[in-house]
Amino acid sequence: LFVVMTLLITWRAAKTTTSSAAFYNAGGKITGLQNGAAIAGDFMSAASFLGITGLIFVGGFDGMILSLGAFAAWPLLMFMFAKRVRNLGSFTFVDVVSQRLARGQIRIVASIGTIAVVIMYLIAQMVGAGKLIQLLFGLPYEVAVITVSALVLAYVAFGGMLATTWVQIIKATLLLTGVTLIAILILARTGFSFNELLSLAVEKHPKGEAILSPGVVFKDPVQIATIQVSMLFGTLGLPHILMRLFTVPDMRQAQLSAFYASLFMGYFYLVLLVLGFGTVAFIYGNPEYFDADGKLTGGINMAAIHIASAMGGDILTGFMSAVSFATILAVVAGLTVSGAAAISHDLYAQVIKQGEPDPKTELRITRIAVFVIGLVAVVLGIAFENENVAFIAVMPMVTAASVTFPILLLSMFWSGLTTRGATYGAIAGFLSSLLLIVLGPQVWVSVIGNEQPLFPYDYPGLFTMPFAFAVIWLVSVTDRSARGEIDRANYHSLLVRSEFGEKAAGEGAVG
């Protein structure tokens with residue numbers, strides 16, 4: 001039913017998506033409430049719903065660590081970024097950073113960072129999708145991943161951002177309804193007492209009272225700090241989230257978008273606490289949900305689906321499975337739009353065609369980019385089959401925190417930034433992120449198969465983000481080139497436009 005409904009939306013959206021501008025930002029006519037729901041839909045992903053619930057099932061309190069950092073980003077997005085980004089950009093965050101810097105050079109660097117973040121994020125969604133469909137329908141994992149990709153390509157290639165937005169709004173509504181219903185059923189069994197739920201969870205979990213304190217999954221405080229840094233600043237640098245600020249008609253609606261997104265996600269993460277500890281209380285010790293080896297059927301990513309089954313039987317299981325599937329489709333669609341825009345708008349239209357592309361050719365390249373990204377997502381989704389989706393989803397956060405966030409922040413708030421500094425800093429952040437992620441436990445041990453990681457932490461944002469900032473600062477302050485002087489001179493006009501919009505800025509920045 002969900003697939004049929006969203007394909008009908010896509011068919012209607014395709015009639016209005018006749019230009020690249022409509023494809024990228026849905027014509028800029030989405031309201032703040034609609035966009036807030038869509039942003040929440042973007043972020044309430046399979047990694048959040050399936051992954052965080054699964055982590056609480058395994059480690060109790062430690063499962064909350066991933067959500068705390070992510071939620072802290074939304075007030076910052078609302079008060080620091082929404083107004084300036086909306087006033088300065090057109091379709092993507094790269095439009096913002098290229099306002100005062102050498103446009104061709106910084107667009108290439110920022111676009112590569114965007115594409116890398118999108119592809120990494122897609123891996124988590126594809127793994128979640130594959131596992132879910134495999135468990136529900138008994139399909140081979142590879143077939144499940146390909147099926148999801150095919151549906152997403154239909155949404156994005158034909159309906160663009162408008163179809164993607166409505167898919168996300170519907171999905172966010174369904175997901176919030178579903179988790180609320182499960183939480184009520186869980187609390188009903190404990191007399192609507194959260195304390196009683198925690199007591200039951202402590203009684204059932206093999207670790208006992210340890211699950212109410214940190215240290216079951218993450219024993220090293222540095223590990224916790226680097227996860228929090230990655231989640232907080234990575235969220236502020238996610239290209240598909242920033243792109244949503246351009247789908248509304250004005251700055252006021254952009255700020256409202258972040259406000260409503262904060263409300264929806266704050267509620268969502270609170271309810272996930274009930275779901276997570278509910279899985280511990282009602283799934284542990286129940287042989288129905290474990291295989292012959294004593295492992296959870298479908299892996300820990302399926303704990304959220306099992307609690308739906310325990311609380312509401314087949315009907316609720318079916319509903320939450322459909323919602324999970326919808327969640328994955330919506331998030332993958334948003335990511336794919338963002339990645340395609342980086343290729344067609346930022347690289348083709350603005351760099352290769354110098355801002356004067358043929359509209360039909362640009363739209364055709366956008367759709368080709370959608371299919372290429374979909375193919376890459378399938379291949380990598382299969383390669384990372386056995387990883388926890390919440391863990392995988394932090395990898396793009398590290399890259400976003402180390403590449404997108406530093407150049408976006410400094411382009412809007414530091415007059416000393418130069419093109420050379422931004423370029424070198426972005427490259428440093430990108431390469432250091434990839435290197436330390438590959439050398440860390442998630443890839444070096446889990447994927448490649450070595451016994452010990454060469455770098456001890458899963459998510460190196462605590463190290464790579466300051467490194468990127470340091471390189472940007474050092475290169476910028478030592479840049480004595482003519483281009484560097486232009487970049488510094490452009491800051492004042494950028495500041496005026498970021499506060500009051502284009503009309504107040506006079507002639508604007510030097511080209």
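Computing FRET efficiency as 1/(1 + (r/R0)^6) for ASP314 and ILE352, where r is the C-beta to C-beta distance and R0 is 51 Å, gives about 0.45. Between ALA150 and ARG480, the modelled labels are 6.3 nm apart [label points 7 Å from Cα along Cα→Cβ].
Residue separation of ALA210 and LEU431 scaled by 0.36 nm, minus their Cα-Cα distance, works out to 75.8 nm of gained length.
Full extension of the chain segment joining ARG189 with ILE368 gains 59.3 nm, where the gain is 0.36 nm per residue of separation less the Cα-Cα distance. Taking all Cα pairs closer than 8 Å and separated by 6 or more residues, the relative contact order of the chain comes to 30 percent. Projecting the Cα positions of GLY178, PHE282, PHE81 onto the charge dipole of the chain (unit charges on Cβ atoms of Lys, Arg, Asp and Glu, taken about the Cα centre) puts PHE81 furthest along the positive direction. Annotation: per residue accessible area for the chain equals 37 Å², rounded to a whole number [probe 1.4 Å, protein chains only].
Using R0 = 30 Å, the C-beta based FRET efficiency linking GLU203 and THR180 works out to 0.70.
The peptide list 485-495, 331-341, put in order of mean Cβ contacts within 10 Å with the highest first, becomes 331-341, 485-495.
Taking Cα centre as origin and charging only the Cβ of basic (Lys, Arg, +1) and acidic (Asp, Glu, -1) residues, the dipole magnitude of the chain rounds to 1380 debye. Compare the Cα positions of ILE30, MET64, PHE43 along the charge dipole of the stretch 18-140 (+1 at Cβ of Lys, Arg; -1 at Cβ of Asp, Glu; about the Cα centre) and return the one farthest towards the positive end. Toward the positive end, the furthest listed residue is ILE30. For the stretch 218-278, the square roots of the Cα gyration tensor eigenvalues, ordered a ≥ b ≥ c, give a/c of at least 1.5 with a/b no greater than b/c, which places it in the oblate category. Ranked by the mean number of other Cβ atoms within 10 Å per residue, highest first, peptides 185-196, 155-166, 138-149 order as 155-166, 138-149, 185-196.
Ordering HIS240, GLN354, SER111 by Cα displacement along the dipole of the chain toward the positive end leaves GLN354 in first place; charges were set at the Cβ atoms of Lys, Arg (+1) and Asp, Glu (-1). Descending by average beta-carbon neighbour count within 10 Å, the peptides 289-298, 457-466, 211-220 line up as 457-466, 211-220, 289-298, the highest first. What you get for the stretch 297-396, charging only the Cβ of Lys and Arg (+1) and of Asp and Glu (-1), is a dipole of about 200 debye around the Cα centre. Taken along the Cα-to-beta-carbon direction at a fixed 7 Å, the label points for LEU68 and GLU288 span 3.4 nm. Annotated for the chain: lysine pairs at least 8 residues apart or interchain, Cα distance under 17 Å, count 8. Full extension of the segment from VAL445 to THR361, taken as 0.36 nm per residue of separation minus the current Cα-Cα distance, would add 25.8 nm. What is the percent carbon and sulfur in the accessible area of the chain, measuring with a 1.4 Å probe over the protein chains and ignoring ligands? That share works out to 66 percent. Contact order for the stretch 100-238, expressed relative to its length and based on alpha carbon pairs under 8 Å spaced 6+ residues apart, stands at 12 percent.
The values are calculated or read from the model by the stated rules, or taken from the named source; none is laboratory data. Just so it is clear, the model here is predicted, and its values are computed rather than measured. With ideal geometry, Cβ positions are generated from the backbone for all residues, glycine too; neighbour counts draw on all protein chains shown. Heads up: the accessible areas ignore ligands, DNA and RNA and are worked out on the full protein's heavy atoms, side chains in. Shrake-Rupley method; radii C 1.70, N 1.55, O 1.52, S 1.80 Å.
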